[in-house]
Amino acid sequence: MALLMPIFFVWVFAQVEKEDADRIITDYIRLELDSDYLLYAYSDTLSGQVSFFTWEDTLQANNAYAYFIDEAPQANWSHPCRYVFVDKGTGHLNVVNADTPPKDAYQWSLLSRKISTQSSGEFFNFSEAKLPRQNAVTMPENSYAVIISGGGNLNSNHIRYWNDCSAIYSALINVYGYLEDHIYVIMSDGTDPAADRYDYMEDSYDSSPLDLDGNGTPDIQYAATKANITAVFNELSGKLSSDDDLFIFTTDHGGSGSNGVYLVLWNSVLFYPSEFAAELEKVNAGNISIVMEQCNSGGFVPYLAKESRVVATACSATESSWAMSNGYYDEFAYHWTSAIAGVKPDGGVVDADTNDDGFVSMQEAFSYAVLHDAKNETPQYNSIDSHLGNYLTLSGIEGCVTSMFDNQTVSADKEVLGCSIESTNVVVEGGTKLTLNHLTSTTINGPFETKTGAELEIR
């Protein structure tokens with residue numbers, strides 16, 4: 001929620017010129033901020049009353065110079081920021097505290113910045129990766145993925161979002177053997193050659209490269225619009241069956257406003273959890289795994305959680321998510337990608353396979369990312385079938401280990417979990433419930449008695 005706060009500096013002018021206003025805002029930042037920041041100036045001269053649009057609010061300025069301060073450049077939106085208006089007649093400042101950037105990014109230019117010293121970094125390279133599919137159920141022809149990175153607008157679409165998507169895409173292709181035409185990439189302005197991403201370290205703009213895995217062919221197919229998301233999920237609804245698995249990855253900005261949390265698409269369009277849930281309902285995949293990097297992503301979990309789904313997010317419903325200190329990737333996405341790929345950019349081996357069964361499950365990847373996430377964010381995880389995440393990988397359900405439930409008398413409520421379950425010679429006493437909770441199948445091979453008042457559930 002925007003809050004108007006007048007600030008008064010001891011400056012005396014007959015008429016404040018732009019150079020004077022720049023000095024005033026520089027003094028203001030020197031006195032008010034001791035952290036990293038990006039300072040933008042509105043490019044047009046304002047006369048009379050002018051409206052400014054953020055992702056959520058409309059701000060008014062009258063006969064003033066306008067500035068925008070990003071107070072946390074390494075955090076994804078939403079997070080604290082300020083709009084500062086310097087009165088042309090008096091030099092007085094009106095400060096509006098907010099948490100989302102301008103919609104009309106092209107009208108704002110970088111005036112100054114303070115960025116902490118960045119450590120060096122390297123990029124993922126999976127070209128020599130080995131495929132871990134030896135016991136997986138789902139083959140490449142049954143594996144699908146959707147990658148979404150809205151970016152917001154030109155000044156908000158940081159290069160790290162492209163890097164996140166490139167790493168995920170390359171891992172799917174080179175580590176897990178996904179087919180190129182089974183991966184749908186929905187990113188910023190799509191195939192438009194115009195500049196659409198921003199490097200705030202270099203204060204430079206370019207057009208997102210369409211080739212995500214370096215093989216020379218374009219991989220980005222769609223601009224990040226609601227219409228394109230709908231079109232992709234409509235197509236998937238006609239393709240996928242219970243034999244297929246779907247992986248979904250989202251990155252860039254999120255937020256929380258009067259209508260709840262959201263994911264930001266291109267041109268600062270807000271995409272809400274109820275809209276995302278409606279798209280997922282179209283898809284008849286056997287299993288769906290979802291990883292969300294954007295701010296406030298934990299607020300999507302109650303809408304997306306469902307049987308046969310595993311959901312992981314970088315932060316809670318009330319938190320920002322953060323870039324790595326070197327700015328190359330987002331923190332949670334970097335560690336999650338390292339876990340599922342088994343390697344870091346510097347070539348260091350990552351062993352997230354804690355049970356040493358030869359696969360990295362969704363639960364193991366999440367646990368590794370949480371353990372190594374050093375930023376002020378609280379990753380969230382949901383698997384309604386609690387054991388699904390223990391078996392589900394990016395190459396489908398792990399080679400099934402059968403749980404044997406034999407020669408038992410059940411006299412208290414009991415749940416048996418297993419990838420597959422076989423049972424024989426079981427008696428369920430009256431007044432008790434036995435739940436056989438499997439991922440693939442339950443087989444009753446011999447005597448099995450449920451006495452009067454007993455309950456058996458197989459799911």
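Quick notes on this one:
- Evaluation of Q60 against the conditions (1) at pLDDT below 90; (2) out of contact with any strand residue (DSSP E or B) (no Cβ under 9 Å at 6 or more places or on another chain); (3) not in a loop (DSSP other than H, G, I, E, B) shows that the sole unmet condition is (2).
- Meets criteria (touching a residue at least 40 places away in the same chain (Cβ under 8 Å), in a loop (DSSP other than H, G, I, E, B) and closer than 30 Å to A72 by Cα) for N382: no
- Of the listed requirements (1) within 21 Å of L31 (Cβ to Cβ); (2) touching a residue at least 60 places away in the same chain (Cβ under 8 Å); (3) in a strand (DSSP E or B); (4) more than 26 Å from the chain's Cα centre (by Cα), F85 misses just one: (2).
- Those strands (runs of 3 or more DSSP E) lying entirely in region 219-297 with at least 1 residues among the small types (G, A, S) and assigned by TED's automatic domain parsing to the domain that holds A317: 254-257, 260-264, 287-292
- Residues that are touching a Gly at 6+ places or on another chain (Cβ under 6 Å) and either in a loop (DSSP other than H, G, I, E, B) or of a type in the set (V, I, T) (or both) do not occur anywhere in region 158-181.
- Near pairs, Cβ below 8 angstrom, 6+ apart or cross-chain, from region 316-339 (without any contact (Cβ under 8 Å) to a residue 60 or more places away in the chain and aromatic (F, W, Y)) to any residue that is surrounded by fewer than 23 Cβ atoms within 10 Å (Cβ to Cβ) and outside any loop (DSSP other than H, G, I, E, B): W336/Y368
- Test for I24: is it surrounded by 10 or more Cβ atoms within 10 Å (Cβ to Cβ), more than 14 Å from Y83 (Cβ to Cβ), modelled with pLDDT of 90 or more and among the aliphatic types (A, V, I, L, M): yes
- Restricting the first member to region 32-52 and to residues that are within 15 Å of G89 (Cβ to Cβ), and the second to residues that are of a type in the set (A, V, I, L, M, F, W, C) and at pLDDT 90 or above, the beta-carbon pairs closer than 8 Å and six or more apart or on different chains are L46/A64; L46/A66.
The values are calculated or read from the model by the stated rules, or taken from the named source; none is laboratory data. Please read all numbers here as calculations on a predicted model, not as lab measurements. Methodologically, a virtual Cβ is constructed for each residue, glycine included, from the backbone with ideal geometry; neighbour enumeration extends over all protein chains shown.
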